[in-house]
Amino acid sequence: MQHEVPKTKWKSTGNQGWEKSNLNGAGYEEAMASMKLMGLTERKPVIAGNWKMNKTKAETREFVEAFKAMDLDEGVEKILIAPYTDLDTLVEGLAGTDIGAGAENVHYEGSGAFTGEVSLDMLKEIGVGYCVVGHSERRQYFGETNKTCALKLKKIFADSDIVPILCVGEKLQVREHGRENEFVGEQVEEALLGLTVEDVRKMIIAYEPIWAIGTGETATDEQAEDMCAVIRKKVYGMFGAETAAVVRIQYGGSVKPENIKGLMAQEDIDGALVGGASLEPASFEKIVDYNRE
Ligand code: PGA
């Protein structure tokens, strides 16, 4: 059966995966097994701390000084994501280290009458390397939708080298009705629609079940792994095997020093997006250095 491509305002440029989409992911296991044999599934772990609406500039400075003095695993990509007002302090403090700085949001228009919003050029000038798109708190409290996520991703890729971290995840009711795979699959599909394979290979996708965020209740390793595999399969269906093999997928939701190792041991989990436990250098360091005893 021919899958109907959902309506999009973007025209095909020739390499957009959705044109030749296989949205049910037929042939996924075999394709991933051959990608593994070719060594394409060796993905660099990426651990990001999302401070949300926490820390002043002085507190940012204090955190950065303590954190960068720690003996951090060089094999892990490390990112600190902070409120807009902290970003210049963060970028300045992290200069010369291998720790990246990220914003929590961006607007999809280049400029204009959008009181309270921040544009991509503003972030580029500060020099952030990453930007969160579609965090569940933005979706829940500020009206962010799959459509606005798609516009933001499109803008970021068109006009910057910033790496977006797209967040997806279901509410408890959705899981209770057994609809979580379908729901998250749809979020991924609608947000990535219109991107190119090059875009998707660069980005990070974070699976954050809403029922696990800030609640202390982490998804089990198995629940987290299952959904990260669903997301990878969706990417495979839209963009093909190689893109699915290289795209990095994080888990987020009450990640702590005590549970990071089990999560990172899962095949399709390549990192973590950490809220509460990233606010103190000592606990975030333990998460980043999960590989050390
Ligand atoms: P949490 O937040 O680790 O405090 O649950 C995760 C997130 O929302 O990114």
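Looking at Met264, Met238, can you tell me which residue is touching a Leu at 6+ places or on another chain (Cβ under 9 Å), in contact (Cβ under 8 Å) with a residue 60 or more places away in the chain and not charged (D, E, K, R)?
Working: Met264 fails: touching a Leu at 6+ places or on another chain (Cβ under 9 Å).
From the options Met264, Met238, the qualifying one is Met238.
Determine, yes or no, whether Leu153 is in contact with a Leu (Cβ under 7 Å, 6 or more places away or on another chain) and of a type outside the set (Val, Ile, Thr). Step through it out loud before you land on a result.
Details: in contact with a Leu (Cβ under 7 Å, 6 or more places away or on another chain): yes; of a type outside the set (Val, Ile, Thr): yes.
So Leu153 fits the description; yes.
Name every residue in the stretch 134-159 that is among the small types (Gly, Ala, Ser) and under 15 Å from Asp121 (Cα atoms), in order of residue number.
Once the filter is applied, which keeps residues that are among the small types (Gly, Ala, Ser) and under 15 Å from Asp121 (Cα atoms), the stretch 134-159 yields only Ala158.
Quick one: would you say Lys44 is modelled with pLDDT of 95 or more, touching a strand residue (DSSP E or B) at 6+ places or on another chain (Cβ under 7 Å), surrounded by fewer than 18 Cβ atoms within 10 Å (Cβ to Cβ) and part of a loop (DSSP other than H, G, I, E, B)?
Working: modelled with pLDDT of 95 or more: yes; touching a strand residue (DSSP E or B) at 6+ places or on another chain (Cβ under 7 Å): yes; surrounded by fewer than 18 Cβ atoms within 10 Å (Cβ to Cβ): yes; part of a loop (DSSP other than H, G, I, E, B): yes.
Yes; evaluated as a whole, the condition is true for this residue.
If Ile47 passes every condition in (1) away from the ligand (no atom under 16 Å from the Cβ); (2) within 26 Å of Phe157 (Cα to Cα) but one, which one does it miss?
Of (1) away from the ligand (no atom under 16 Å from the Cβ); (2) within 26 Å of Phe157 (Cα to Cα), only one is false for Ile47: (1).
Mind listing whichever residues of the stretch 271-283 are surrounded by fewer than 24 Cβ atoms within 10 Å (Cβ to Cβ) and either near the ligand (Cβ under 10 Å from one of its atoms) or not hydroxyl-bearing (Ser, Thr, Tyr) (or both)? Before the answer, list the steps.
Within the stretch 271-283, the subset surrounded by fewer than 24 Cβ atoms within 10 Å (Cβ to Cβ) is 275-277, 279-283.
Those that are surrounded by fewer than 24 Cβ atoms within 10 Å (Cβ to Cβ) and either near the ligand (Cβ under 10 Å from one of its atoms) or not hydroxyl-bearing (Ser, Thr, Tyr) (or both): Gly275, Gly276, Ala277, Leu279, Glu280, Pro281, Ala282.
Has the stretch 149-159 got at least one residue that is open to solvent by less than 50 Å² (accessible area, probe 1.4 Å), aromatic (Phe, Trp, Tyr) and modelled with pLDDT of 95 or more? Explain how you work it out, then say what you get.
Taking the stretch 149-159 first, the residues open to solvent by less than 50 Å² (accessible area, probe 1.4 Å) are 149-153, 155-157.
When the remaining residues are screened for being aromatic (Phe, Trp, Tyr), the result is 157.
This time we only want the ones that are modelled with pLDDT of 95 or more, so: 157.
For the stretch 149-159, residues open to solvent by less than 50 Å² (accessible area, probe 1.4 Å), aromatic (Phe, Trp, Tyr) and modelled with pLDDT of 95 or more: present.
Counting only residues that are modelled with pLDDT of 95 or more and of a type in the set (Gly, Ala, Ser), how many does the stretch 210-235 have?
Residues that pass the stated criteria total 2.
Hey, any hits in the stretch 209-224 for a residue that's within 20 Å of Ala33 (Cβ to Cβ), within 16 Å of the ligand (Cβ to nearest atom) and in contact with a Gly (Cβ under 9 Å, 6 or more places away or on another chain)? Steps first, please.
Initially, the stretch 209-224 is screened for residues within 20 Å of Ala33 (Cβ to Cβ), giving none.
No - not one qualifying residue is present in the stretch 209-224.
Pull up the stretch 241-270, narrow it to residues that are more than 16 Å from the ligand (Cβ to nearest atom) and within 22 Å of Val133 (Cα to Cα), then point me to the one that is most open to solvent (accessible area, probe 1.4 Å).
Val246
Of the conditions (1) open to solvent by 10 Å² or more (accessible area, probe 1.4 Å); (2) away from the ligand (no atom under 15 Å from the Cβ); (3) modelled with pLDDT under 95; (4) of a type outside the set (Asp, Glu), Met238 satisfies every one except a single condition; which number is it?
Exception for Met238: condition (1).
So, restricting to helices (runs of 4 or more DSSP H) that lie completely within the stretch 231-293, which ones have at least 1 residues that are polar (S, T, N, Q)?
Working: elements: 241-246, 260-264, 281-288.
It comes to 241-246, 281-288.
Could you list, in sequence order, all residues of the stretch 122-144 that are more than 16 Å from the ligand (Cβ to nearest atom) and either touching a helix residue (DSSP H, G or I) at 6+ places or on another chain (Cβ under 6 Å) or open to solvent by less than 60 Å² (accessible area, probe 1.4 Å) (or both)? Working first, answer last.
So in the stretch 122-144, the residues more than 16 Å from the ligand (Cβ to nearest atom) come out as 122-129, 143.
Listed by number, the residues that qualify are Leu123, Ile126, Gly127, Val128, Gly129, Gly143.
The values are calculated or read from the model by the stated rules, or taken from the named source; none is laboratory data. This structure is a prediction, so every number in the text was calculated from the model and none was measured. Backbone-built Cβ (ideal geometry, glycine too); neighbour counts: all protein chains shown. Calculation scope for accessible area: heavy atoms of the full protein, side chains included, ligands and nucleic acids excluded. Shrake-Rupley method; radii C 1.70, N 1.55, O 1.52, S 1.80 Å.
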